[in-house]
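Enquirer: First, the structure itself, so that you have it in front of you.
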Amino acid sequence: YHFGILLAMLDFSRYYNAVKYIEGLANLQSGPNYMSGGHHDPSVYIKRIQWFLNLLGNPERGFKFIHITGTAGKGTVATMMQNVLVKSVRTTGLFTSPFVTTSIEKIQVNELYIAPDEFAQIVEEMKPAIDEAFAKCPWGGPSYFERFLAIALVYFRQQKCEWVVLEVGCG
């Protein structure tokens, strides 16, 4: 009974608005051939995310990374790797994709999801960089996956993670 009252008192509107903003950007046109940058060079993805992360102060620097890629089982393997590192007393971030029920499931530190308010705060702080990337980046604004990756990296930096287990996007 008391738990229900506590939940009713929580205000998730900032979180819902942040998710709505991030997901709403998917409707923006980023020019012709957005996913290929006008040609079939896969390095466009790297150039675009590097350009965007540079705007954010390079939150990807300073971590030890474990990249998990493949067609099936990435989330399970990534979670197992995170568990091993956490049990070894390492502050560890985990980024997976997609999510089952809510966006914050993609981002964890030491087996705990990012708090909705922390997620909303990072999105709020990132909005000027997102707008600038859509306006000025030669390869277009960051994709949905790239926006979530950037949120995760900013959060991992704030949480002083030593390790990051990253489910890699392959296109």
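Enquirer: Which one of these is of a type in the set (A, V, I, L, M), out of contact with any helix residue (DSSP H, G or I) (no Cβ under 8 Å at 6 or more places or on another chain) and on the phi > 0 side of the Ramachandran plot: 84, 89, 77? Working first, answer last.
Expert: Values: 84 fails: on the phi > 0 side of the Ramachandran plot; 77 fails: on the phi > 0 side of the Ramachandran plot.
The match here is 89.
Enquirer: Mind listing whichever residues of the stretch 126-171 are within 30 Å of residue 89 (Cβ to Cβ), outside any loop (DSSP other than H, G, I, E, B), out of contact with any strand residue (DSSP E or B) (no Cβ under 6 Å at 6 or more places or on another chain) and open to solvent by 20 Å² or more (accessible area, probe 1.4 Å)?
Expert: Listed by number, the residues that qualify are 149, 157, 158.
Enquirer: Select the helices (runs of 4 or more DSSP H) contained entirely in the stretch 1-98, then report the ones holding at least 2 residues which are modelled with pLDDT of 85 or more and under 19 Å from the mean Cα position of the chain (by Cα). Talk me through it step by step, then tell me what you get.
Expert: On the way: elements: 2-9, 13-24, 43-55, 74-87.
Hits in the stretch 1-98: 13-24, 43-55, 74-87.
Enquirer: For a quick check of your reading of the model, give me the residue pairs whose first member lies in the stretch 51-69 and is surrounded by fewer than 17 Cβ atoms within 10 Å (Cβ to Cβ), whose second is outside any strand (DSSP E or B), with beta-carbon atoms closer than 8 Å and at least 6 apart or on different chains.
Expert: Cβ pairs passing all conditions: 62/157; 64/162; 67/168; 69/168; 69/170.
Enquirer: Could you look through the stretch 106-121, keep only residues that are within 16 Å of residue 83 (Cα to Cα) and β-branched (Val, Ile, Thr), and pick out the one that is most open to solvent (accessible area, probe 1.4 Å)?
Expert: Ranking the candidates gives 109 first.
The values are calculated or read from the model by the stated rules, or taken from the named source; none is laboratory data. These figures come from a predicted structure and were not determined experimentally. Glycine gets a Cβ as well: all are built from the backbone with ideal geometry, and neighbour counts include every protein chain shown. In case anyone asks, the SASA skips ligands and DNA or RNA and just uses the protein heavy atoms, side chains included. Shrake-Rupley method; radii C 1.70, N 1.55, O 1.52, S 1.80 Å.
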